[in-house]
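What follows draws every value from the coordinates through simple rules; no lab data is involved. These numbers were taken from a predicted model, which means no experiment stands behind them. Quick reminder, even Gly has a Cβ in these numbers, built from the backbone with ideal geometry, and neighbours come from all protein chains shown.
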């Protein structure tokens, strides 16, 4: 099952994000087989303001465990985290579901 995870960084937390980024990227590399798409969400100036994950997990509990183990979450970077199931209709320019 696919899930979106939308994370919003706490205000004035770019330094914490940058300091934690190397361990965050290692964590992502160790889980990359679960990803549809993952990346930072940017503000109007192009600076990171959060993260968006579209992941393939067996259930919501697995998605919750995944994000709580992310070094960004462990460092207290996120102001909010919203997890929602989703259905992919188009992927890579092709319709994959009705």
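Tabulated data
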read-out: Residues satisfying the stated conditions in the range 3-26, i.e. touching a helix residue (DSSP H, G or I) at 6+ places or on another chain (Cβ under 9 Å) and buried (at least 17 other Cβ atoms within 10 Å of the Cβ); value: 3, 5, 7, 9, 17, 20, 24
read-out: Considering residues of the range 1-35 that are in contact (Cβ under 8 Å) with a residue 60 or more places away in the chain and in a strand (DSSP E or B) only, the residue farthest from residue 49 (Cα to Cα); value: 2
read-out: Residue list for the range 55-98, filter: crowded, with 17+ Cβ neighbours inside 10 Å, free of Cβ contacts under 8 Å to residues at least 60 places away in the same chain and part of a strand (DSSP E or B); value: 55
read-out: Checking residue 52 against (1) part of a strand (DSSP E or B); (2) on the phi > 0 side of the Ramachandran plot, the condition it does not meet; value: (2)
read-out: Residues that are touching a helix residue (DSSP H, G or I) at 6+ places or on another chain (Cβ under 9 Å) and touching a residue at least 24 places away in the same chain (Cβ under 8 Å), drawn from the range 36-48; value: 47, 48
